[in-house]
């Protein structure tokens, strides 16, 4: 995988949005519905310690993003409006969650299927 494909250069998620957009250093424009981001939250509180990540259907009040904080050069920490903030979304993981027109046909999460942690 090209290192540029896992380096976010811009993140757009206006207040009240239901989709976050991430521009990647390789020129890709990622699209991330909040239902997908929250449903595939990688934290242990949401997923346990099984080694795979299952889609956990979020409630409507769990879908608004408060803020994004970079974690080193490898991940984002998403703080949701309901206070949930323990999930670290590795950039490689975020690329796998992309739901843009290019990625969606080959996305591991298009049918809410399990995603294996790497």
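Table for the structure above
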{"quantity": "Residue-span extension gain [residue 23 to residue 67] - 0.36 nm each, minus C-alpha spacing", "calculated": "14.2 nm"}
{"quantity": "Residue 81-residue 4 FRET efficiency (beta carbon distance; Förster radius 41 Å; 0.05 resolution)", "calculated": "0.85"}
{"quantity": "GNM result for the chain, Cα springs below 10 Å: residue of 33, 57, 42 fluctuating most strongly", "calculated": "57"}
{"quantity": "Correct option for Rg and Dmax of the Cα atoms in Å [calculated from the coordinates] among (i) 13.1, 36; (ii) 20.2, 60; (iii) 34.7, 101", "calculated": "(i)"}
{"quantity": "Percent RCO, i.e. relative contact order, over the chain, from Cα pairs under 8 Å lying at least 6 residues apart", "calculated": "23"}
{"quantity": "Inter-label distance, nm, simple model (7 Å from Cα along the C-beta direction), residue 74/residue 52", "calculated": "2.4"}
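Every number here is computed from the coordinates shown, using simple stated rules; none is lab data. Here the structure is a predicted model, which means the values were calculated and not measured. Note: ideal-geometry Cβ built from the backbone for every residue, glycine included; neighbour counts use all protein chains shown.
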